[in-house]
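The values are calculated or read from the model by the stated rules, or taken from the named source; none is laboratory data. All values derive from a computational prediction rather than experimental measurement. Ideal geometry is used to build each Cβ from the backbone, glycine not excepted, and the neighbour counts take in all protein chains shown.
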Amino acid sequence: MIARIGPCLAVALCLPFAACAQGRPSGPPLVVQITVDQLRADLIHRYSNGFTEGGFKRLATRGVWYFDAQHRHANTETVVGHTTLSTGTDPSVHGMVANNYRDNRLLEVGGGGQSAEFDVSNAFHYATRDDAYPLLNPDGSRSDPRDGRSPRDILSTTIGDEFRLSLGPEAKIFGVSTKDRAAIGATGHAGTAFWYSTTFSTYVTSTFYLDAYPQWVKDWTDRNLVQAYAGTSWSLMLDPARYTFRDYDDQEWEKFYPKWTRVFDHHYGGPDFQLFQGFIETSPAADALTLSFARAMIEGEGIGADAIPDYLAISLNSVDYIGHAFGPSSLEAEDNLKRLDRELAGFFDWLDERIGLDNVLVVLSADHGATEVPGFTNTRMRTDANLFDYSKVEAQPAIAKLLQDHGITPPLSQYSAPFVYFDNAKIAEAGLDKARVTKLYADVIARMDGIAQAFSHDRIATGAVPDDRIGRAVTANFNPSRAGDLYLVFQPGWFYMDPSPLAGASQHGSPYMYDRHVPVVFMGPGIVPQRVTRRIETVDVAPTIAAYMKIKYPSGARGRLLGEVLGDVLAID
């Protein structure tokens, strides 16, 4: 494999679980950090009927399970959560404040303003986009630079980066996910991240990581595992009596896609069907494929095969795609989690046979939880949660008058979760004071249905936010150069009305418990199994891995060490 890593000194191998002669840190040969996208903590217990002994139950009986683990940042999105788990710090420090954001420093370099499309100097961009590193296509060609990806914008080192810094070039660092932002956020700068390509039906990377694909990637692609789903269906795995939602397969708020009905069975269609790849992602197939690719990676790269510890990040995304389409309280979500349990059991069994689970530290968590579909909560509790339509903001009388009085053609603002951004060029051309515009929008939006708080950039920057859980969560999500002009906090149960016709039924991204509460489990050599009800935070995960492996913490780490995991492993050899 041709990887982009800096020159390092050659390092002698050392015995397993013992510090080597050159003072190398000790630890098991492999750390596997599994992040399940959108796995709200309660869902594991809620849908456990039919679980095997080898999946989640194995983690529960052989590991330390933290029942009250929470993200402490407000914008509970994919890249934010994955990067928090890998760096041990808040988005205010690691910089991944949202899946999409505007970098104000780039905006200034580009001339200080922006067009109505809010696109100057790539200032408003996808979190892991990097035009300098196009995708590496399976045939060796390069993609359009605009499709490029890299971890450039991650401002802190990740736990994988620290493996490389502490252990040298022999330490193998890899990551894989259906989503590029998940793989990159979890893996970091020093390793090699792969993600699924719907164009090529295989996992790809960018030229930041590789110049050419190794043979094992080509071999996996040639197996045509994706195409094998064509003409098949996703059906219930168990007898319907085993399901909590057996009588609720057809809920009116679930998303209906052409040929992908709200009820089982769900037919994938043929490989030429327009939504075939989307159906692959919105089903248990995505996780099965990712774990299959992870096995091929372990074999092909010799991960965990020698005494130098390796690091592998696996992000599983079916729970998220299915949760968005059908909601976390659905028969589809339930069946998928039962299937994921079996996929994990099979993967753990495979690791045990190949490496031995006694030689592997397994860490499992989630990047965020999930909001219930408003229709579900309203039906069961007679509440009135709904979706917030941002397109109505500039039609509010006070804002409409401002625009009219100054001859401003809407839009003057743009919402990209969780931020509102203003068109600076239009404000300047109209001779308006931006602080006045910001205050007006904040006051008007805060009075609209579905909004709990509208915090301005300056309020957050100066600490003028409530010293409560929401205020602290918003502050933890605040990076001055990447935060928007306003931060919107919706009322509990509400979320943004996405205008896209492919938008799902459910969403996440709030500072409330249903989006913040996630599982955290550590299982590995020397760890005494126990269940812990003490509250911990997801920023605790990465420094605890570092301490367990006796390596340096990630550069921005703010979390505390989890004593139940470390036990006696910190003894000096």
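Within segment 243-253, does at least one residue satisfy the condition of being in contact with a strand residue (DSSP E or B) (Cβ under 7 Å, 6 or more places away or on another chain) and at negative phi? Scanning segment 243-253, I find no residue that is in contact with a strand residue (DSSP E or B) (Cβ under 7 Å, 6 or more places away or on another chain) and at negative phi, so the answer is no. Taking G463 as the residue in question, decide whether it is outside the structural domain of V80 (by TED's automatic domain parsing) and at pLDDT 95 or above. Yes.
The rows are residues; the columns are (1) without any contact (Cβ under 8 Å) to a residue 60 or more places away in the chain; (2) over 21 Å from A127 (Cα atoms); (3) not assigned by TED's automatic domain parsing to the domain that holds K392.
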| site | (1), (2), (3) |
| --- | --- |
| F478 | no, no, no |
| S481 | no, no, no |
| G484 | no, no, no |
| L488 | no, no, no |
| Q491 | no, yes, no |
| S506 | no, yes, yes |
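Number of residues in segment 513-545 that are surrounded by 19 or more Cβ atoms within 10 Å (Cβ to Cβ), hydroxyl-bearing (S, T, Y) and touching a strand residue (DSSP E or B) at 6+ places or on another chain (Cβ under 9 Å): the value is 2.
Considering segment 449-484, and only residues there that are of a type in the set (K, R) and assigned to a helix (DSSP H, G or I), the residue that is surrounded by the most Cβ atoms within 10 Å (Cβ to Cβ) turns out to be R459.
No other residue among L364, L440, L357, L402 is surrounded by 19 or more Cβ atoms within 10 Å (Cβ to Cβ), over 30 Å from the mean Cα position of the chain (by Cα) and modelled with pLDDT of 95 or more apart from L402. Of the numbered criteria (1) crowded, with 18+ Cβ neighbours inside 10 Å; (2) more than 24 Å from V36 (Cβ to Cβ), the one D247 fails is (1).
Residues that are modelled with pLDDT under 95 and assigned to a strand (DSSP E or B) within segment 367-389 are absent altogether. Can you confirm whether G140 is part of a loop (DSSP other than H, G, I, E, B) and outside the structural domain of G88 (by TED's automatic domain parsing)? Criteria met by G140. Scanning segment 262-284 for residues being within 27 Å of the chain's Cα centre (by Cα) and assigned to a loop (DSSP other than H, G, I, E, B) gives a total of 7.
Of all the listed residues (L59, L30, L39), the sole one being under 25 Å from W195 (Cα atoms) and more than 20 Å from the chain's Cα centre (by Cα) is L30. The requirement of being part of a helix (DSSP H, G or I), touching a Pro at 6+ places or on another chain (Cβ under 7 Å) and over 29 Å from F419 (Cβ atoms) is fulfilled somewhere in segment 52-71, by at least one residue.
May I ask you to say which residue of D341, D352 is in a helix (DSSP H, G or I) and free of Cβ contacts under 8 Å to residues at least 12 places away in the same chain? Residue meeting the stated conditions: D352.
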